[in-house]
Amino acid sequence: MLSKSTGPRYVKSLLILIPLFVTIFYISLTNGTFDLTINDVIHTLLRINPVPAHDLVLFDYRLPRIVVASLVGLGLGIAGAVIQGITKNGLADPGILGINAGAGAAIVLFLFFFHEQFGSFSVLMQPLFGLIGGLVAAVIIYLLAWKNGRIDTQRLILTGIAISSGFGALAMYLSLKMKASDFEMATVWTTGSVYNANWQSILAMLPWFLLIIPIYRKSYLLDLFQLEESSLKSLGVSIEKEKAILLLSSIGLVSACVSVSGGIGFIGLMGPHIAKQLVGLQHRYIMPICGVIGMILVVASDFIAKNLFSPAEISVGIIISIIGVPYFLYLLLKARS
Amino acid sequence: MSILRVENAEARYEGHIIFENLCLDVIKGKITTIIGPNGCGKSTLLKTMGRILKPKVGKVYLQEQDINTLPTQEIAKRLTLLPQNPVAPGELEVEELISYGRYPHRKNISKLTTEDKEKIEWALEITHILPYRNRPLGSLSGGQRQKVWLAMALAQDTTVLLLDEPTTYLDLAHQLDVLQIVENLNQHHQCTVVMVLHDINHAARFSHEIVGMRDGNIIATGSPDEMITVDILKQIFHIDARIMVDPFNGSPVCFGYESALAEEGLELLTKKENVAT
């Protein structure tokens with residue numbers, strides 16, 4: 001807030017990251033099994049001599065998918081910054097902690113029991129169920145990782161992994177009992193993919209992104225959360241209340257993402273870490289940078305996932321894990337030394 | 001007049017009673033120092049007064065108001081506690097950390113007001129850390145860092161200042177430095193100070209009032225002259241102290257001591273105590 005050096009660093013970082021994102025967005029939009037030129041894209045968007053084939057590629061396939069990938073990256077990146085901030089733990093990530101898996105399992109549960117009843121309305125209901133699942137996971141982790149009035153780092157990671165595989169197994173079990181068509185949908189949640197993105201799912205996600213507003217308004221509190229509990233209390237911070245608001249909002253955000261893309265891990269891990277290297281410790285700078293990094297990571301990974309073995313697709317979650325796992329191990333080793 | 005009052009407080013840690021039925025009046029505008037052996041409950045008492053710990057039984061009153069009924073942010077405008085070994089990320093800059101002290105007064109969270117900036121400036125100045133204002137915390141020595149933490153507490157602009165062993169781990173010069181800052185705050189800025197100190201000579205020199213604790217009980221309270229005596233130090237620390245008056249400022253000084261227990265052939269008890277601590 002006072003620092004003279006971080007302001008310019010923030011602007012500089014955005015000036016590099018945003019064009020990078022636009023470039024990746026553009027490449028994803030124009031390249032693929034069916035290549036489009038920039039003219040085709042502009043003509044299609046501005047409705048000048050529209051070609052039905054271009055319309056189909058752009059509006060039904062590529063654009064919704066890129067938009068979903070961007071939103072998921074944005075949401076997971078920001079949620080990661082919040083969760084790392086309140087747990088004071090650089091290894092915390094909604095994926096590793098099992099919040100993704102909890103949300104995913106709840107959504108599969110919902111699909112299993114209620115999919116038929118709600119019909120097309122069910123897409124809108126999914127984030128809500130995801131929220132419940134995410135909350136259940138968060139509460140369990142909180143209870144198990146709590147030791148002597150604080151969250152123990154090792155317990156946090158260990159319970160996270162346990163919760164994650166537990167909920168993953170539940171989701172898998174339910175998926176196996178589903179009809180073949182539902183099963184295909186359900187497997188998406190366990191690996192993480194944006195391939196079934198459509199405008200309806202974007203509509204279901206968008207309202208949840210309003211949660212970014214209260215989160216961003218509390219970014220200053222996340223700076224304070226870098227201090228110990230007794231210092232925070234002395235400063236007059238209502239710790240448990242503020243933690244609950246921040247955690248709840250970020251789980252809401254994660255659930256909205258998971259309901260469309262399934263469990264994509266590591267974004268919330270890598271985003272904040274890279275952002276801190278770029279802009280320092282102030283969360284009002286870290287958060288937007290995290291969001292943009294998340295967008296770049298997911299859109300780029302989805303492009304790779306889609307085209308690497310084209311026409312076969314790998315799920316975007318796997319591509320991100322290929323980068324994320326070594327990154328996680330690197331952070332783990334660094335934390336130990 | 002009492003500004004902070006503890007009434008029949010009971011504190012427990014993991015089921016063990018640290019103290020019970022404890023009462024203490026802190027006089028407004030004075031420096032009160034709590035002394036006592038390790039594990040006697042002095043830090044716990046300080047934390048209870050600073051609402052870091054909630055007493056199981058009993059009440060704490062700040063300016064005659066029950067601390068439990070006041071919003072925590074309101075308390076933070078009147079009282080601050082500097083914990084024993086506060087930690088913050090090493091990359092954090094000095095001025096940034098001090099600005100955190102303005103939190104309870106801030107309405108507009110995104111921008112510091114002129115008043116905020118003035119208070120930060122004042123805190124930097126009074127603790128003599130202006131030269132390091134833009135340095136990361138990790139690059140400072142222990143003594144410098146302790147002054148930065150003190151400055152953060154001061155930026156909070158409270159009338160009551162609670163300090164938990166503010167001189168531990170500091171060299172002699174820095175210990176004196178920190179205590180002289182505290183003295184200055186008390187004399188010129190109407191700060192009521194309650195601190196925990198291990199050095200009884202520092203306690204004697206810088207306090208108006210000394211509170212002596214042992215095993216969760218307050219053994220005695222009084223002025224340094226009343227408290228730094230052979231008899232009372234024996235009760236508090238189980239030592240036979242040799243005391244004289246410092247000709248420099250007239251405060252009592254303990255210049256040497258022996259264990260009172262060894263003398264009485266109670267080595268066993270000492271051993272037990274060592275195990276307990």
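Considering segment B:31-69 alone, what residues qualify as being over 11 Å from the mean Cα position of the chain (by Cα), assigned to a loop (DSSP other than H, G, I, E, B) and surrounded by 20 or more Cβ atoms within 10 Å (Cβ to Cβ)?
Those that are over 11 Å from the mean Cα position of the chain (by Cα), assigned to a loop (DSSP other than H, G, I, E, B) and surrounded by 20 or more Cβ atoms within 10 Å (Cβ to Cβ): B:Gly36, B:Cys40, B:Gly41, B:Arg51, B:Ile52, B:Leu53, B:Pro55, B:Ile67.
I need a count of the residues in segment A:237-266 that are surrounded by fewer than 23 Cβ atoms within 10 Å (Cβ to Cβ) and more than 16 Å from the chain's Cα centre (by Cα).
Within segment A:237-266, residues that are surrounded by fewer than 23 Cβ atoms within 10 Å (Cβ to Cβ) and more than 16 Å from the chain's Cα centre (by Cα) number 8.
Quick check on my filter: what residues within segment B:72-105 are more than 8 Å from chain A (Cβ to nearest Cβ) and surrounded by fewer than 23 Cβ atoms within 10 Å (Cβ to Cβ)?
Of everything in segment B:72-105, those that are more than 8 Å from chain A (Cβ to nearest Cβ) and surrounded by fewer than 23 Cβ atoms within 10 Å (Cβ to Cβ) turn out to be B:Arg78, B:Gln84, B:Asn85, B:Gly90, B:Arg102, B:His105.
For (1) outside any helix (DSSP H, G or I); (2) closer than 30 Å to B:Gly50 by Cα; (3) within 10 Å of another protein chain (Cβ to nearest Cβ), each residue gets a yes or a no:
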| position | (1), (2), (3) |
| --- | --- |
| A:Ile212 | no, no, no |
| A:Leu221 | no, yes, yes |
| A:Leu232 | no, yes, yes |
| A:Gly236 | yes, yes, yes |
| A:Lys243 | no, yes, no |
| A:Leu248 | no, yes, no |
| A:Cys257 | no, no, no |
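Say we look at segment B:153-175 and pick out the residues that are over 20 Å from B:Pro83 (Cβ atoms) and touching a helix residue (DSSP H, G or I) at 6+ places or on another chain (Cβ under 8 Å); which of these is surrounded by the fewest Cβ atoms within 10 Å (Cβ to Cβ)?
B:Ala173
Failed condition for B:Leu163, given (1) of a type in the set (A, V, I, L, M, F, W, C); (2) outside any helix (DSSP H, G or I); (3) touching a Lys or Arg at 6+ places or on another chain (Cβ under 9 Å), with all others met?
Failing condition for B:Leu163: (3).
Suppose we keep only residues that are touching a strand residue (DSSP E or B) at 6+ places or on another chain (Cβ under 7 Å) and farther than 19 Å from B:Gly41 by Cβ within segment B:54-67. Which one would you say is nearest to the other protein chains (Cβ to nearest Cβ)?
It comes out as B:Leu62.
In contact with a Ser or Thr (Cβ under 9 Å, 6 or more places away or on another chain), among the basic types (Lys, Arg) and free of Cβ contacts under 8 Å to residues at least 40 places away in the same chain - does that describe any residue in segment B:137-145?
So far as segment B:137-145 goes, no, none of its residues is in contact with a Ser or Thr (Cβ under 9 Å, 6 or more places away or on another chain), among the basic types (Lys, Arg) and free of Cβ contacts under 8 Å to residues at least 40 places away in the same chain.
Looking for something over 25 Å from A:Gln126 (Cα atoms), within 14 Å of chain B (Cβ to nearest Cβ) and outside any helix (DSSP H, G or I) - is there at least one such residue anywhere in segment A:262-281?
Checked segment A:262-281: at least one residue is over 25 Å from A:Gln126 (Cα atoms), within 14 Å of chain B (Cβ to nearest Cβ) and outside any helix (DSSP H, G or I).
Taking A:Thr33 as meeting all but one of (1) at pLDDT below 85; (2) crowded, with 18+ Cβ neighbours inside 10 Å; (3) among the polar types (S, T, N, Q), write down the number of the exception.
Every condition holds for A:Thr33 apart from (2).
Would you mind finding the one in A:Ile132, A:Ile96 that is buried (at least 17 other Cβ atoms within 10 Å of the Cβ) and under 30 Å from A:Ser230 (Cα atoms)?
Just one listed residue meets the conditions, A:Ile96.
The values are calculated or read from the model by the stated rules, or taken from the named source; none is laboratory data. As the structure is a computational prediction, the values presented were derived from the model and not from experiment. Note that we place each Cβ from the backbone using ideal geometry, even for glycine, and neighbour counts take in every protein chain shown.
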